[in-house]
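Undergrad: Handing you this structure, nothing more for now.
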């Protein structure tokens, strides 16, 4: 279809990513326009620089074949695990996560957050493991390898601690298993102890969930030991959760509590969510106008250039601006699903879908938190939130997708109608 | 085959469905927040950024009868803080204190204001000087939540001369805020505290306006949004009074620094209060914007009690000025006539019970009729008249003539006199056997005993004497007169009563020295015994109550000089007041006529 040195560019996908990045940089610029100027005023310049670097990186990656990427998977993954391990000893905090150890610094200069790149290497590694077998894992035991691949860096990141990135890993794990063909019933069984953990605080809710689970186990008929393991894991989770709660750091307890009821703490943790809702809600149909958001200008909106950047979109550009942004994401995701579906091999397909899973989890979690639909975990919005590492990582992902797209079956093949 | 194209296509559809569902939920949530609940969140956003800064309304001006200003507003400055918290307020106060003098008391007051109303800007300097403003403006950048605004400041051009009736204003107190009358008030607002300022508060206060400042999340004032047209402050309505400022100032001048007491001048036909003065006075301007501790202490430590209104609050035995009441009661009940003599002529003393009752003239006045007894103020005559009237009738008559009730003047400081309203009063006070009707009625008939009147209430009674039994309620504000007939006498009786009062100030009368050239003055002196002695001499209150001109009364004047000695002294003060008024009013008539 294309020559060995030629890459047929998936223009719609790249265009969507470029428009999203420029939209994002514009909003980062606006986020800096406050009545009392802060350092954020210049953030858009750095963001533009990272966008440019990302384009270069994406171009470079797109020159590498899927086989080269697959070949690099294991070293990249091992390197990632080692760097994350190192961070636990030498990591630095910054910005909203000042008390965590997510930053890699050399000689006091922060280079970036390796966990952003780790998302991609984990996707690659998981794809490699899942692609190795022709059949999708069909029992809990067969899931041990994928679980380990995600589990090790996940543990390292949770120890930083970075709950938000941890959630993204979970999202990647489940969505890629789905794409690999794992039965949904099995996925539910795997996820069930976590659900029990969350529901453990309400006995009747947990009881209902437990009965549902029992029904599922009887219907799905897993191996006996699997059934026993899942049920007992749920029981333990249900019992242990309240005890675990007491060991949770107060700020995380607070974040969970505020998720359940933001007005319970209007001046501290809940303040972010309430001010974000005020900003978005006061935007209306068309918003207060680009750079004119009062919530942002007067510093009521916290983290307006990073975690809560979507609130600036909502306040200044209104429901129309929100719809445009979500439509762009939707279109991008549609193109990535298309790439995954048309990929030439299962590894490429899984990588493509894994990258989608990464972005998707980010978008849903980040956008949802601005309206208090999801807990405030502080993960960035792809292409929007100020932050070099993730912008760069996202563009590397675009590069990989472009390559996979060009190696995949063309539209003419017609086997998959998407 | 997990990657069979059909399987992949199915999963792709599921994936797209999942993405569509998630985005659908998000869009629905944004639609609800941004479109459906937009108004609610917009309001929150406005509340976030806009802080209301009250704009105090100028109070209504107070004018005298000729349009001269008694109370007005001048430009003042207030300094307030928009605090985020008590701590930030304390911090700002400390910083302000390094720039301008700020006493501990002022700081405490600011903290108290904040605690009462954290939403309103906390006033820290209610009346800042221009120098203080200049210094604070210079350091504006260090004090971002400071609000400096010009606001109307109450000013009384005549100061202490008018304090007795105009009163003053001050910050509404915690206890006042709990009262229903102050329902609409907010902490930190100014209210009338005394006098007309308090009496006519609702008329004078006006309507507070608002402007808005935009603040950022730290409470720093970012910009002034200004006042909405419908939220401009509205000045209170003016108050037009009956006061004759020229006469008022003259009375203040006559009293000077040495005399202590009260004086009232009333137009008898209408009850219009021309002047009302209490000496020594105090400066109401000192109370605007918070009185200094030093000044307040100096007033409290003054033994002459300047803050106690001697014209409306202080009650004093009226002495002989009350003999006219005794006469009216006797005449109205036909127990005496103007030319009636009493059984015993005055020999300077009178035996009743087991003791001698003295007359003020120990040489005796001889055999007098009522007219002469009034002229000479003969105690012996009135002892006997009192006994003839009897205590019950005297008390009933006193009640009818208004000696039990407050005067009704439009001032909050209108104290009730001390006067018995029934015989049981004495039983309760002295025990059934602790008093005798005879001695009591004798004392009361000469204005002593259980009888202490305010100056204003005596003036009210004398309006009835001047106006043939029709009493006028004293009124400072220009209002329709309130007139009541309190006694009815025949024309002959009235004429000879008036003649007797004129006789007081004629040669041979007790106040002969109080004559005014060309004016016929009618009045009665009083020397009220207090029982208080200093250096062996009893300290008496000197009274004079009278009106002029006698045949066509234009002014009733009552003067009481506390511990002022003999009545004639008060009579001289009163006659100079009347003389000043009648001359000046004649002059002004000529001017308007010409």
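Undergrad: Is it true that some residue in the stretch B:54-72 is within 11 Å of another protein chain (Cβ to nearest Cβ) and in a loop (DSSP other than H, G, I, E, B)?
TA: No: zero hits.
Undergrad: Considering only residues that are assigned to a helix (DSSP H, G or I) and touching a helix residue (DSSP H, G or I) at 6+ places or on another chain (Cβ under 8 Å), which ones fall in the stretch A:199-217?
TA: Within the stretch A:199-217, A:199, A:205, A:206, A:209, A:210, A:213, A:214, A:216, A:217 meet the criteria.
Undergrad: Can you name every residue in the stretch A:217-242 that is buried (at least 17 other Cβ atoms within 10 Å of the Cβ) and touching a residue at least 12 places away in the same chain (Cβ under 8 Å)?
TA: Correct list: A:217, A:222, A:226, A:230, A:231, A:233, A:234, A:237, A:238, A:241.
Undergrad: Can you confirm whether the stretch B:337-345 contains a residue that is within 43 Å of the chain's Cα centre (by Cα) and either surrounded by 21 or more Cβ atoms within 10 Å (Cβ to Cβ) or within 26 Å of residue B:427 (Cα to Cα) (or both)?
TA: Checked against the condition, which is being within 43 Å of the chain's Cα centre (by Cα) and either surrounded by 21 or more Cβ atoms within 10 Å (Cβ to Cβ) or within 26 Å of residue B:427 (Cα to Cα) (or both), the stretch B:337-345 yields at least one hit.
Undergrad: Related question: Filter the stretch B:2-26 for residues that are surrounded by fewer than 17 Cβ atoms within 10 Å (Cβ to Cβ), in contact with a helix residue (DSSP H, G or I) (Cβ under 8 Å, 6 or more places away or on another chain) and within 7 Å of chain A (Cβ to nearest Cβ) and give the result.
TA: If the condition is that a residue be surrounded by fewer than 17 Cβ atoms within 10 Å (Cβ to Cβ), in contact with a helix residue (DSSP H, G or I) (Cβ under 8 Å, 6 or more places away or on another chain) and within 7 Å of chain A (Cβ to nearest Cβ), then B:9 is the only one that fits.
Undergrad: What is the one condition in (1) farther than 26 Å from residue B:76 by Cα; (2) surrounded by fewer than 20 Cβ atoms within 10 Å (Cβ to Cβ) that residue B:297 does not satisfy?
TA: Result: residue B:297 fails condition (1) only.
Undergrad: Can you confirm whether residue A:63 is more than 23 Å from the chain's Cα centre (by Cα) and either surrounded by 19 or more Cβ atoms within 10 Å (Cβ to Cβ) or touching a residue at least 24 places away in the same chain (Cβ under 8 Å) (or both)?
TA: Here the answer is yes, as residue A:63 does meet what is asked.
Undergrad: Only helices (runs of 4 or more DSSP H) wholly contained in the stretch B:125-184 count here; list those with 3 or more residues that are surrounded by 14 or more Cβ atoms within 10 Å (Cβ to Cβ) and at pLDDT below 90.
TA: So the answer is B:130-138.
Undergrad: Sticking with this one: Taking only the stretch A:156-195 into account, find how many residues are more than 23 Å from residue B:4 (Cβ to Cβ), assigned to a helix (DSSP H, G or I) and either within 14 Å of chain B (Cβ to nearest Cβ) or modelled with pLDDT under 90 (or both).
TA: 18
Undergrad: Sticking with this structure for a sec: Please state which one of B:527, B:488, B:463 is assigned to a loop (DSSP other than H, G, I, E, B) and in the same structural domain as residue B:271 (by TED's automatic domain parsing).
TA: Being assigned to a loop (DSSP other than H, G, I, E, B) and in the same structural domain as residue B:271 (by TED's automatic domain parsing) holds for just one of B:527, B:488, B:463, which is B:488.
Undergrad: For the stretch A:301-317, give me the residue count where each residue is crowded, with 24+ Cβ neighbours inside 10 Å and either within 10 Å of chain B (Cβ to nearest Cβ) or not in a loop (DSSP other than H, G, I, E, B) (or both).
TA: Total satisfying the criteria: 10.
Undergrad: Which ones in the stretch B:27-50 are at the interface with chain A (Cβ under 8 Å from one of its Cβ atoms) and not in a helix (DSSP H, G or I)?
TA: B:37
Undergrad: Confirm whether residue B:502 is over 27 Å from the mean Cα position of the chain (by Cα), within 22 Å of residue B:326 (Cα to Cα) and touching a residue at least 40 places away in the same chain (Cβ under 8 Å).
TA: When the stated conditions are applied, residue B:502 passes them.
Undergrad: For the stretch A:287-299, enumerate the residues that are more than 21 Å from residue B:29 (Cβ to Cβ) and either assigned to a loop (DSSP other than H, G, I, E, B) or without any contact (Cβ under 8 Å) to a residue 60 or more places away in the chain (or both).
TA: Those that are more than 21 Å from residue B:29 (Cβ to Cβ) and either assigned to a loop (DSSP other than H, G, I, E, B) or without any contact (Cβ under 8 Å) to a residue 60 or more places away in the chain (or both): A:289, A:290, A:291, A:292, A:294, A:298, A:299.
Undergrad: Out of A:297, A:338, I need the residue that is closer than 30 Å to residue A:70 by Cβ and facing chain B (nearest Cβ under 10 Å). Which one?
TA: A:338
Undergrad: In addition: Specify which of the listed residues (A:392, A:331) is at pLDDT 90 or above, more than 10 Å from chain B (Cβ to nearest Cβ) and touching a strand residue (DSSP E or B) at 6+ places or on another chain (Cβ under 9 Å).
TA: It is A:392.
Undergrad: Inside the stretch B:220-302, counting only strands (runs of 3 or more DSSP E) that do not spill past its ends, which hold 3 or more residues that are under 25 Å from residue B:152 (Cβ atoms) and assigned by TED's automatic domain parsing to the domain that holds residue B:129?
TA: The qualifying strands (runs of 3 or more DSSP E) are B:221-227.
Undergrad: For residue A:334, work out the one condition from (1) buried (at least 21 other Cβ atoms within 10 Å of the Cβ); (2) in contact with a helix residue (DSSP H, G or I) (Cβ under 8 Å, 6 or more places away or on another chain) it doesn't fulfil.
TA: Result: residue A:334 passes all but (1).
Undergrad: Taking the stretch A:276-286 as the region of interest, how many residues are in a loop (DSSP other than H, G, I, E, B) and either more than 9 Å from chain B (Cβ to nearest Cβ) or crowded, with 24+ Cβ neighbours inside 10 Å (or both)?
TA: Result for the stretch A:276-286: 3.
Undergrad: Could you figure out which of (1) under 21 Å from residue A:375 (Cα atoms); (2) touching a strand residue (DSSP E or B) at 6+ places or on another chain (Cβ under 8 Å) isn't true of residue A:113?
TA: With (1) under 21 Å from residue A:375 (Cα atoms); (2) touching a strand residue (DSSP E or B) at 6+ places or on another chain (Cβ under 8 Å) applied to residue A:113, the lone miss is (1).
Undergrad: Out of the residues in the stretch A:199-209 that are buried (at least 18 other Cβ atoms within 10 Å of the Cβ) and farther than 18 Å from residue A:187 by Cβ, state the one that is modelled with the highest pLDDT.
TA: Ranking the qualifying residues of the stretch A:199-209, first place goes to A:206.
Undergrad: Starting from residues that are touching a strand residue (DSSP E or B) at 6+ places or on another chain (Cβ under 9 Å) and assigned to a helix (DSSP H, G or I), keep the ones in the stretch A:354-389 and report whichever is farthest from the other protein chains (Cβ to nearest Cβ).
TA: Only one residue fits best here, namely A:388.
The values are calculated or read from the model by the stated rules, or taken from the named source; none is laboratory data. Bear in mind the structure is a predicted one, so any value in this text is a computation, not a measurement. Glycine gets a Cβ as well: all are built from the backbone with ideal geometry, and neighbour counts include every protein chain shown.
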